[in-house]
Structures are given as C-alpha cells and as structure tokens.
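The values are calculated or read from the model by the stated rules, or taken from the named source; none is laboratory data. Computed from a predicted model, the values in this text were never measured in an experiment. FYI the Cβ positions are ideal-geometry reconstructions off the backbone, even for glycines, and counts take in every protein chain you see. We work out accessible area using only protein heavy atoms, side chains counted, and drop any ligands, DNA or RNA first. Shrake-Rupley method; radii C 1.70, N 1.55, O 1.52, S 1.80 Å.
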Amino acid sequence: MALKAQVLYDFTAETGNNELTVREGETVTVVNQSVGGGWIEAQNSSGQTGLVPEGYLQELPVLLAAVEDDDGEWDDDWDDQSVGGYHGDSQGDGEDGASGRGTHTPSVKISLNRFPFSKGPSPEVFLLAKAPANSRDRLPVYMGEVGPVWLYPSTPLDCVIADPKKESKLYGLKSFIEYQITPSMTNRAVNHRYKHFDWLYERLQEKFGSALPIPSLPDKQVTGRFEEDFIRSRMERLQAWMTRMCRHPVVSQSDVFQLFLTYRDEKEWKTGKRKAEKDETVGPMIFCLIEPEATELDAVEVEQRCEQYSRFTKLMDDGVKELLNVGNTHWKRCTGPLPKEYERIGRAFSNLSAVFSSSKYPGEETLTEALTAAGKTYEEIAEIVAQQPQKDLHFLLETNGEYKGLLGCFPEIIAVHKAAIDKVKEGDRLVSAGKISNNDRKTLNHRISCMSYTLQAEMNHFHSNRIYDYNRVMQHYLEEQVTFYQQIADKLRGALSQFTTL
C-alpha cells in the first residue's frame, strides 16, 4: 500500500533541483523514503514527482481492519475484562510471557506524528506548523526568582505502590504480578501490572520526550520474575519512577498520567487509553502548548543557553557514572573480600589464644580470654561490614541510577533544540529563496524562543530536584556511615577493655 502524507506548510521548488512545489493541506504519495539529507521523494495528485523536505510532511493514518472481541470493543492487546485490572492479551511481550496464544489478533497501530524513516523528532514540524486550537492543554511558563519555571500544582501529587500479587489468566497459562497503586488525590487504589507501566512510559515518552526527560522503567526480566527478592526490587524501582513522575508539574497533570492513576472502570480506561494514543500534540509539537510570560529571546541567547545546559548535563552524567562505578566496586568489596579479611584476623587471634592456652602457664587465663574475645569481635565486625552497603550505599546508588536515566534523556532533547537553532539560522536564506515569508521568519523566532523557555523551565525543575535529592541522599549516607563506624568503635572498645594494664 502506497504511503500517503499531508503537507504541513507551503514549499516552493527551486528550478533545476528536482524539487516539487506543494501547498499546505495537500495530500501526496511518498515515492522514495531513503533519499537522505532530510529530503523525501513525493508525487502529487497530478502525477508530478520531486523532492520535498522531510519535516514538511506528516504521515496520514492507514485504515486497517481491526478484529473485534466478543463485547464489540477493539482488541488492543490488553483491554480485556480480567478481574483485578485490565490485563493483557495472551501474546508474550518478553515480560509477562505465556505458554499459549490468544484467539484475538491485536489491531496494528501506526504513529501519526512522524515518518518511520525519521532518525529523530524534527523540530521543523513545530517551527512552522499551525498552533492547535485547543487551549485547555496550554503549558504556561512563569518568571520566578531563578528564571523561567513551570506552574506547580497547589497540592503536590504522590502515590504508593504496594501489595504485589501473582495473578493469572487463560486458565492459568499466563501469570503476572499486579501492583496496587494508591494516588494521594483520591486515596482510591487502582491495579496495574508491569505491561501497563510500560504503556504509560511509551505515551509519556512520545508526548513529552522532545522537551522533558522521561527516564526508562526498570528493565524487563524473563526468568525469576516471581521470586520474592525480584518482586520487591522491581516494586521499589517502580515506586521511585512513579514518585519522580508525580513530582513533575507537567507530567503529573497530564491527561494520560491522571488516567493511569484515577480511572474508575473499564469503559473510562479504554476511552482514555485510545484518546491518549490518538494525541497529535506529541514530539516537537508539544512546544506549541508553551506560553511564556517573558519577552521573546533572540537566537544568540537561545543558542548560548542550549550550549550551557548541554555542557552541564554531560559533565553531571560523567560524574554520576563515576560515582556509580566507585560505589558498585566498593559494594562488591564490602560483601566479598573485606569481610573475609576481618574473619581471617579474628581466626588468627582465636588460634593464637588456643596456642597460649596450651602452655598451661599460671595466670594467663585473662590474656587468652581477651584474645578469644578479640577474635570474636573481628568476626562480628566482618558481618557488620557485609550488611552495611544495603543500609547506606543502596540508597545512594539507587538515586544516582535515577539521575543516570534522567541525564540520558538530555542528549536527544538538546539535539532537538540545536536542530531548531540551525533552522532559524537559515531563516534569512529561506526568505531570500522564497521558501518562507517574512511572517514565517518571525514565527521561527517566536517559536525558538518558546522552546528555549521550555528548556530553561525544565532545567530549573531539574536543578531544584537535584539539590533536594542529593542533600537528602548524602545526609542518609553519612548518617549511616557514622552509625557504622560507631558500631565498630564500640566493638573494639569492648575488646580493648578486656586486656589488663601491666
């Protein structure tokens, strides 16, 4: 089937460049997707063929025959009516694996927001596209003491993930873990499994990924999914991920996130889910919703701020990775060779005590007893050392792992901004070439300014959370370290007190 696309805005071909003149709203057929250099070969309704800039086109949806299930609803892989939540179809996803296959074929979904051959989100779609008419979803950016900031909700959102239970379907052929999530604003629990979290992540990434860091979920696992330690660890990391999303003023108030936490019944869930999947304000188009209250910025200042944030996030990413490497190495030492060293010292003292005892020399019982006690003390210290990383390093490494995920999102976000800056720099040439009008040029300047305010507001949110998180995690780490060394010091003082002074 030929791929159809809609023209987002006018493009006038230059003579001799094998280009095709197209007009906004026109439908064209994609002839060649692999031309490269940001160009696509397309054919208009008159049969004329030529090159069109990739960012000037938007893929049209393909109508596909969807199989309906017994209740007349489209089968979309996990919108069934299982008890305890809206569970998935029997098709395995590498996470909720099954030993059988379902009787329904899931309907195929195609992204309506970018071409499958795009290497990444193109800001051109936003820079000259018409702004959406719906103003309900506008995202205001205010000027605070630190610069541009998001509008924060008056009541912070939070949620608690608890009570993981093993559930099954298809007469026991398919098993999965289901979690209970209770949001603070309703105090009413909803049930979700990992697959549902994965769907939420994909929706948030598609909608906000060009502007906001959406860290990945904890990795999928095929084996050992029902072991107690794995379930506890996964729930802890899902809790951290949801807490991070709840703290974001834009993500937490989005329709898709609110749906995930507050749906009341299957009908509301399905309706909201399909609405989220049809959302067109995604990718770079999210910038159309930004409404800064500050004055417009010039392209030079935008570029300077972009470079500043690029340098900082890269340096912090390096620092976080270094701390993770050092911390993991120290953890292995504390649970491996270091306790064994203390045990060997303890055994050496105990063995020496046994040798002394064999002499039967009068009056040395106090010394041999003290040596034996010192040996046991070092064996106890070995156990304390082995248990310590779980008390202090765990929290520190988990927090750094979260930030590693956040920082890993910034290169793509920065790339979108740099691509937009490059396009704005071409503005004068495009006007001279007749490819855009002077009004379009003004629109470019205005929208690159909106993008910059978005990035500044996000970085201010990031810095605020960074200061809070690292203050908290370092306080916890050092408090536990103090307790750790006090325990060892107390043990050693006790051993010392048993030796008599000559």
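Taking first residues from the stretch 246-272 that are part of a helix (DSSP H, G or I) and partners that are basic (Lys, Arg) and open to solvent by 10 Å² or more (accessible area, probe 1.4 Å), the Cβ contacts under 6 Å between residues at least 6 apart in sequence or on separate chains come to VAL256/ARG203.
Can we say TYR453 is more than 25 Å from THR399 (Cα to Cα) and of a type in the set (Phe, Trp, Tyr)? Yes: the conditions hold for TYR453. Taken together, the criteria place THR313 among residues that are surrounded by 14 or more Cβ atoms within 10 Å (Cβ to Cβ), among the hydroxyl-bearing types (Ser, Thr, Tyr) and modelled with pLDDT of 95 or more.
Test GLY102 against the criterion of being open to solvent by less than 40 Å² (accessible area, probe 1.4 Å), more than 29 Å from HIS417 (Cβ to Cβ), at pLDDT below 80 and in a loop (DSSP other than H, G, I, E, B), and give yes or no. Yes: the conditions hold for GLY102. Within the stretch 420-443, can one find any residue that is in contact with a Pro (Cβ under 7 Å, 6 or more places away or on another chain), of a type in the set (D, E, K, R) and under 30 Å from GLU296 (Cβ atoms)? Yes: one or more hits. Is there any pair with a first residue in the stretch 479-490 that is within 18 Å of ALA374 (Cβ to Cβ) and a second that is part of a helix (DSSP H, G or I) and open to solvent by less than 40 Å² (accessible area, probe 1.4 Å) whose Cβ atoms are under 7 Å apart and which are 6 or more apart or on different chains, and what are they? Between residues of the stretch 479-490 that are within 18 Å of ALA374 (Cβ to Cβ) and residues that are part of a helix (DSSP H, G or I) and open to solvent by less than 40 Å² (accessible area, probe 1.4 Å), the close pairs are GLN487/ILE384; ILE488/ILE381; ILE488/ILE384. Scanning the stretch 449-482 for residues that are surrounded by 13 or more Cβ atoms within 10 Å (Cβ to Cβ) and over 25 Å from the mean Cα position of the chain (by Cα) turns up SER449, GLU480, GLN481.
Output the number of residues of the stretch 420-463 satisfying the condition of being among the hydroxyl-bearing types (Ser, Thr, Tyr) and touching an Asp or Glu at 6+ places or on another chain (Cβ under 8 Å). Please lay out each step first, then the result.
The first filter runs over the stretch 420-463 and keeps only residues among the hydroxyl-bearing types (Ser, Thr, Tyr), leaving 432, 437, 443, 449, 452-454.
Keeping just the survivors that are touching an Asp or Glu at 6+ places or on another chain (Cβ under 8 Å) gives 449, 452.
So the answer is 2.
Here is the figure for the stretch 239-260: residues that are of a type in the set (A, V, I, L, M, F, W, C) and open to solvent by 10 Å² or more (accessible area, probe 1.4 Å) total 5.
Scoring TRP269 on the criteria (1) over 21 Å from PHE126 (Cβ atoms); (2) surrounded by fewer than 14 Cβ atoms within 10 Å (Cβ to Cβ); (3) at pLDDT below 95 leaves a single failure, condition (2). All of GLU379, GLU398, GLU383 fail the test of being touching a helix residue (DSSP H, G or I) at 6+ places or on another chain (Cβ under 6 Å), in contact (Cβ under 8 Å) with a residue 24 or more places away in the chain, more than 22 Å from LEU455 (Cα to Cα) and open to solvent by 10 Å² or more (accessible area, probe 1.4 Å), apart from GLU379. For VAL424, indicate whether it is assigned to a helix (DSSP H, G or I), more than 25 Å from the chain's Cα centre (by Cα), of a type outside the set (Phe, Trp, Tyr) and surrounded by 16 or more Cβ atoms within 10 Å (Cβ to Cβ). Judged against the criteria, VAL424 is a match.
Annotation: SER437 fulfils all but one of (1) farther than 30 Å from TYR309 by Cα; (2) at pLDDT 95 or above; the unmet one is (2).
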